[in-house]
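In what follows, a single structure is set out as structure tokens and then discussed.
The values are calculated or read from the model by the stated rules, or taken from the named source; none is laboratory data. These figures come from a predicted structure and were not determined experimentally. For accessibility, only protein heavy atoms count, side chains too; no ligands or nucleic acids. Shrake-Rupley method; radii C 1.70, N 1.55, O 1.52, S 1.80 Å.
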Amino acid sequence: MISVRSLIKDYGEIRAVNGISFEIKSGEVVGFLGPNGAGKTTTMQIITGYLRPTSGEVLIQDRDISENHISIKNSIGYLPENTPLYEDLNVYDFLDFVASVRELNGKKKDSIKRASELCGISDVLDRPIGELSKGYRQRVGLAQAIIHDPPILILDEPTTGLDPIQIMEIRELIKRLGEEKTVLLSTHILPEVEQTCNRVIVIHKGVIVADSDIDELREAISGGVVRVEYRGSINPDEFRRFGKVSDITEKDGNISLKIVPAEGSVDIREAVYRFCKDSDLVLLELYREKRSLEEIFRELTLEVREVEA
Ligand code: ATP
């Protein structure tokens, strides 16, 4: 549905996006995650046709975005960062204006009704936008993005600047929209991705450092780390045969340690168990450690920094 191929964007000397590629299939809700300045907004502006890439291409439903065709524009709804809204207009008039720009003509009334019901703003249609809370403004922003009922939604940091309750409400709304639309949502907040998306693409310094189903990402990266607790006469250093050993502690004769296998996510539990058995150790605990996405995210963005250093 969305195909991004070898995208590069330079702003003068600055390479904001450095050769990224990914595909998003119909029905996916994808989190585009990265720290500030990673290149998220730039990528989204290219996908929506607001910005031209330096090189590379974007296909929306198999059509090149640079064709600038009306059918491509109509298939995308875009919520930019800091949604520009007309403060003096009331909500209805603003949506009416957006519907006119979208050339909805005869379908305007129904479109406004559908979008405002979906976004929970039916009660504030006669209120001036300038008087609304930030949460409600964001709902209005989402309503303008879906006014023409596009199959694809591109949302740039949709919860920035909201309070915790508004954040929860907007995430719920996005989840609801995600039931019928393909969504690409940018954020630098991990829980946002965990709560609303089924896939995550991590971008850092213009490069994609991970692209995975959220559970698979957690599994792939955290799968290998093993915690062991044992009692016996073997020196903890003996476990170095399985990988890097750290966090060694001893309490009442019980030794616990952490092993990070040299080959990343390989499962070493069986080998560790056999080693303990053959060495006559009392194995008290042996488990693969689950790390939080937060740690994984930090690790992924750190790896890039280390490679660059
Ligand atoms: P944030 O979360 O802070 O919005 P982002 O991931 O959306 O960040 P971008 O806004 O795409 O990142 O910026 C990527 C890089 O490009 C940054 O180094 C930024 O300073 C630079 N950049 C963005 N827009 C411009 C511009 N118009 N002119 C020059 N440099 C720019």
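List the extent of the Cα atoms of the stretch 241-301 along each of their three principal axes, largest first, rounded to whole Å.
41, 25, 16
Give me the Debye-computed log₁₀ of I(q)/I(0) at q = 0.12, 0.15 Å⁻¹ for the chain, equal point scatterers on Cα only, no solvent, two decimals.
Log10 of I(q)/I(0), two decimals: -0.84, -1.12.
With a 1.4 Å probe and every protein chain left in place, work out the accessible area per residue of the stretch 225-288 in Å², rounded to a whole number.
Heavy-atom accessible area per residue stands at 63 Å².
Which angle between 0 and 90 degrees, to the nearest 10, do you get for helix 91-101 versus the longest principal axis of the chain when only C-alpha atoms count?
Value to nearest ten degrees: 80.
I want to verify a result. In a Gaussian network model of the chain, Cα cutoff 10 Å, which of these has the top mean-square fluctuation: Leu283, Leu104, Leu85?
Among Leu283, Leu104, Leu85, the largest GNM mean-square fluctuation belongs to Leu283.
For the chain, what proportion of DSSP beta bridges, expressed in % and rounded to the nearest 5, is antiparallel?
70
So for Ser21, Ser111, what's the accessible-area order with a 1.4 Å probe, most first?
Ser21, Ser111
Counting pairs of Cα atoms in the stretch 110-208, how many percent are more than 18 Å apart?
47
Starting from 0 in steps of 5 Å, tell me what percent of the Cα-Cα pairs of the stretch 1-109 lands in each bin.
2, 10, 18, 20, 18, 14, 11, 6, 2, 0
Specify the angular offset, from 0 to 90 degrees and rounded to the nearest 10, of the alpha carbon long axis of helix 293-308 from the longest principal axis of the alpha carbons in the chain.
90
Using the alpha-carbon centroid of each, what span in Å lies between the stretch 122-156 and the stretch 175-210?
So the separation of the two Cα centres works out to 20 Å.
Below 8 Å, C-alpha to C-alpha, sequence gap of six or more: please give me the relative contact order for the chain in percent.
In percent, rounded to a whole number, it is 19.
With the chain treated as a Gaussian network of Cα nodes joined by springs under 10 Å, which of Tyr86, Tyr78, Tyr136 yields the largest mean-square fluctuation?
Sorting by GNM fluctuation, first place goes to Tyr86.
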